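Some notes on the structure that comes next.
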Amino acid sequence: MNGLQAYQRINTQTSIIDADPHRLIQLLYSGALERINMAKARMQAKDYAGKGKLINKAIEIIGGLRSFLDFEKGGDLSASLESLYDYMERTLLEASARNDVAKLDEVADLLRAVKEGWDGIRGEVMAQAQAQAQAQAV
C-alpha cells in the first residue's frame, strides 16, 4: 500500500468514526458515485473484471442506502426512494452486463440529484439535532 492509499484509508475511517447519521448517508452517496466513475474508467479501459467489482460495490452501497430508509417517518418519500434505489441497482446490473457507459451515467446522474437534495437539508437536520440536545440538557 502506498502512502496516498494509507492516508485515504485513515482519513476515510476517521471521517466515518466522527460522522453523524446524516453525514454517513452523504458518505455513502459519495462512495457510490466514486465507484460508478471508477467502473466507467475500467469499462473504457476494457478491464471488465475491475469494472464488475466496482459496479458490485456500488450496488452494495445503494443497498446500504436502502437499508437506512425509515418507512414510518419517511412515508411516501421512503417508498419512492426504495423504488428509485431498486431501479438504480437493476440499471447498474444491466450496465455491467452490456458494458453500457450511458447506463452508468444515468445512475450517476440520479444519485447526484438525490445527494444534492440530501446535502441541501444538512443545515435543517443539524439545527433539529442541536435543539433536541438542548431540550435534553434542560
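The values are calculated or read from the model by the stated rules, or taken from the named source; none is laboratory data. For clarity, every value in this text was computed on a predicted model and none was experimentally measured. FYI the Cβ positions are ideal-geometry reconstructions off the backbone, even for glycines, and counts take in every protein chain you see.
For this structure, a couple of remarks:
To keep it simple, each residue is scored yes or no on (1) surrounded by 12 or more Cβ atoms within 10 Å (Cβ to Cβ); (2) under 25 Å from D20 (Cβ atoms).
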| site | (1), (2) |
| --- | --- |
| Q44 | no, no |
| K51 | yes, no |
| N56 | yes, no |
| L69 | yes, yes |
| L93 | yes, no |
| R98 | no, no |
| A102 | no, no |
| D105 | yes, no |
| L110 | yes, yes |
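- Residue in the range 113-126 that is of a type in the set (D, E, K, R), loosely packed, with under 11 Cβ neighbours inside 10 Å, modelled with pLDDT of 90 or more and assigned to a helix (DSSP H, G or I) present: yes
- The single condition from (1) hydrophobic (A, V, I, L, M, F, W, C); (2) touching a Gly at 6+ places or on another chain (Cβ under 9 Å); (3) exposed (fewer than 14 other Cβ atoms within 10 Å of the Cβ) that L81 fails is (3).
- Within the range 116-128, residues that are within 13 Å of P21 (Cα to Cα) have Cβ atoms under 9 Å from residues that are of a type in the set (A, V, I, L, M, F, W, C) and surrounded by 10 or more Cβ atoms within 10 Å (Cβ to Cβ) in these pairs: W118/I25, counting only partners at least 6 apart in sequence or on another chain.
- Only one entry of L69, L81, L77 meets the criterion of being of a type in the set (A, V, I, L, M, F, W, C) and either at pLDDT 95 or above or in contact with a Cys (Cβ under 9 Å, 6 or more places away or on another chain) (or both), and that entry is L81.
- When residues of the range 104-120 are limited to those that are touching a helix residue (DSSP H, G or I) at 6+ places or on another chain (Cβ under 8 Å) and among the aliphatic types (A, V, I, L, M), the one nearest to K53 (Cα to Cα): L104
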